[in-house]
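The values are calculated or read from the model by the stated rules, or taken from the named source; none is laboratory data. All values derive from a computational prediction rather than experimental measurement. Backbone-built Cβ (ideal geometry, glycine too); neighbour counts: all protein chains shown. Calculation scope for accessible area: heavy atoms of the full protein, side chains included, ligands and nucleic acids excluded. Shrake-Rupley method; radii C 1.70, N 1.55, O 1.52, S 1.80 Å.
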Amino acid sequence: MGGAIAVLDFGGQYSHLICRRVRALGVYSALFPYDTSAEELKRMGVAGVIMSGGPASVYEPSSPHPDKDIFSGNVPLLGICYGYGLIVQAHGGEMQRATRREYGKSSLRILDRTGLFTGFPQETISCWMSHGDSATKIPAGMSVLAVSDNSPYAAVETSDGKQFGVQFHPEVAHTERGDAILSNFVFNVCGATRGWSMSNFLDETVSELSSTINGRVLCAVSGGVDSSVASVLLNRAVPGKLQCVFIDTGLLREGEAAEVSKFLKEDLRVPIEFIDASETFISALRGIADPEQKRKIIGRVFADVFEHYARGSGPFEYLAQGTLYPDVIESGRSSAPASVIKTHHNVGGLPKDLSLKVVEPLKALYKDEVRSLGVLLGLPAKVLQRHPFPGPGLAVRIIGDVTPEKLRICRRSNKVVEDVLFEEGVYNKVWQGFAYLGDDRVTGVLGDERKVGYQVTVKLVESIDAMTADWYRASPQMLEKVSSAITNEVDGVVSVVYAISSKPPATIEPQ
Ligand code: XMP
């Protein structure tokens with residue numbers, strides 16, 4: 001951690017995004033529990049500390065507070081949102097519930113183009129605010145660097161020029177030149193130097209895995225980017241100790257098993273065994289409509305099949321998973337309490353008595369970082385560019401019961417969407433493109449006859465990390481092509497609609 005930036009996690013949804021932005025600047029950054037001591041940070045030789053946002057209010061007695069020595073001025077400090085409140089309060093200012101709260105885009109007027117705003121050509125930028133508290137008094141000696149519509153102290157600096165507080169979020173894409181603000185802090189204030197890269201991460205992870213893993217590793221692969229990268233990484237770190245298993249849940253994309261066999265087994269020579277458990281999954285899901293229950297059932301059956309295989313072909317000591325950071329955060333497993341949005345089955349659902357130690361070598365990474373790692377590991381571009389696919393598969397793209405007919409329609413429609421995206425050269429422009437359906441049936445006409453059939457929804461989204469997403473502004477021609485391809489090629493569908501909700505308020509998958 002020498003020369004790195006430590007991010008103290010106060011539970012904000014974007015805490016890890018701060019690390020990611022700093023790493024994108026070429027400086028290593030990692031998330032730490034909010035109460036990591038100043039002594040420990042000093043021992044690690046960090047160049048600076050960033051305190052994240054969080055859902056609490058600094059004036060509440062039970063709110064999380066860092067070690068007070070952090071404010072001594074020994075290490076440069078940047079407080080964001082909740083972290084801003086901590087800095088203001090620690091130096092003698094006052095934070096209160098705001099009379100006018102700010103959520104979303106706001107305009108920031110820069111008063112002082114030094115410090116965090118060095119090199120800013122413009123006086124006003126747009127920034128992303130999300131706070132219910134504001135400073136009613138700032139400490140003596142603290143100067144104001146910027147103001148926003150509702151906050152006269154939107155960015156502040158202590159008199160020694162080493163501690164800063166910003167009420168907005170420089171880490172989110174909606175803040176104009178947010179990267180420049182972080183870069184000013186990291187390089188000008190902390191004096192950090194560039195040196196972190198994905199190839200360092202690869203080398204360090206390989207050596208860490210090979211020195212800590214001392215038994216056989218079982219890894220579930222699905223053909224998706226994450227588990228493929230995880231398995232190739234482990235095969236490099238602990239050659240001869242890895243055994244991969246591909247479990248066909250019956251809920252997979254069309255042609256998935258054949259593709260996995262081709263690139264993992266034949267091209268990359270990863271040891272892999274195929275298990276067809278589709279009957280077990282489909283019958284366990286019969287009559288189940290609730291999506292969280294579906295995830296739990298799939299997680300349980302998955303773990304059972306796994307255990308069965310592990311016992312029969314073991315002994316194995318480890319279970320490797322391609323869990324990514326957003327899975328960890330959205331499943332409420334971060335070091336600070338962020339709220340649970342969905343239980344992603346590859347994180348939750350494992351029975352407690354599963355006697356395998358979990359290895360998750362990608363759990364600090366976002367999708368685009370995993371793709372860069374995959375390039376270094378020699379995975380084919382087609383696999384790395386593959387859209388994310390949820391662990392519980394088509395079960396979460398089928399609203400209500402998972403019936404054989406809905407499953408057939410869902411699988412085929414997803415393939416049609418994928419094919420059209422490739423034909424139109426759009427596949428790599430969107431984050432995810434898929435089709436889903438529920439029990440809605442609408443009236444259609446076929447030839448001269450009335451025909452009642454299913455209505456399929458097509459969803460194409462743009463995103464950087466799946467934490468937020470926007471609907472893709474597809475051309476009418478392409479939408480028409482998708483619509484007619486689905487109604488022509490997928491028996492039982494008479495109507496196609498296009499989803500135009502962003503995340504939030506919707507999530508990417510329909511369930
Ligand atoms: P949501 O729907 O939560 O999706 O906005 C964010 C990203 O995660 C994928 N996703 C899942 N992945 N298990 C997974 O492994 C799940 O249960 C699950 N649910 C959603 C989704 O496809 C998107 O890329």
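The figures follow:
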| read-out | value |
| --- | --- |
| The chain - percent relative contact order, Cα under 8 Å, separation 6 or more | 10 |
| Beta bridges by DSSP in the chain, antiparallel share as percent, to the nearest 5 | 50 |
| Using θ = phi - 60° and Karplus 6.51 cos²θ - 1.76 cosθ + 1.60, couplings along segment 296-304 (whole Hz; Gly, Pro as x) | 5, 4, 4, x, 5, 4, 4, 5, 5 |
| Segment 211-259 shape via C-alpha gyration tensor axes, a/c threshold 1.5 | prolate |
| Value of Rg/Rh across segment 198-384 [Cα atoms, Kirkwood radius] | 0.94 |
| Phi to ³J(HN,Hα) by Karplus 6.51 cos²θ - 1.76 cosθ + 1.60 over segment 56-70, Hz, x for Gly, Pro | 7, 10, 4, 8, 6, x, 8, 6, x, 10, x, 4, 5, 5, 4 |
| Rel. contact order, % - alpha carbon contacts under 8 angstrom, at least six apart, segment 198-384 | 26 |
| Residues of type aspartates and glutamates that LYS429 reaches as a straight line, Cα spacing below 12 Å, ignoring anything fewer than 8 places off in the same chain | GLU462 |
| Orientation-averaged projected area, Cα convex hull of segment 161-284 (nm²) | 12.8 |
| Where trypsin sites (Lys or Arg not before Pro) in DSSP loops with at most 13 other Cβ within 10 Å are excluded, longest remaining stretch of the chain | 1-193 |
| Cross-link pairs LYS105/LYS481; LYS68/LYS137; LYS265/LYS296; LYS357/LYS406 - those with Cα-Cα distance over 28 Å | LYS105/LYS481; LYS265/LYS296; LYS357/LYS406 |
| Descending Cα extents along the principal axes, segment 5-189, whole Å | 40, 38, 31 |
| The chain - accessible surface per residue (Å², probe 1.4 Å) | 42 |
| Share of alpha-carbon pairs per 5 Å distance bin for segment 402-498, given as whole % | 3, 13, 24, 23, 17, 12, 6, 2, 1, 0 |
| Modelled FRET efficiency - R0 51 Å, ARG97 with THR403, Cβ distances, 0.05 increments | 0.50 |
| For the chain: span of alpha carbons on each principal axis (Å, largest first) | 77, 60, 41 |
| In sequence order, calculated HN-Hα J values of segment 201-211 (Karplus, 6.51, -1.76, 1.60; Hz; x Gly/Pro) | 4, 4, 4, 5, 5, 4, 6, 5, 5, 6, 8 |
| Amide H partners (placed H, <5 Å) of ILE50, local residues excluded | ALA6, VAL7, LEU8, LEU78 |
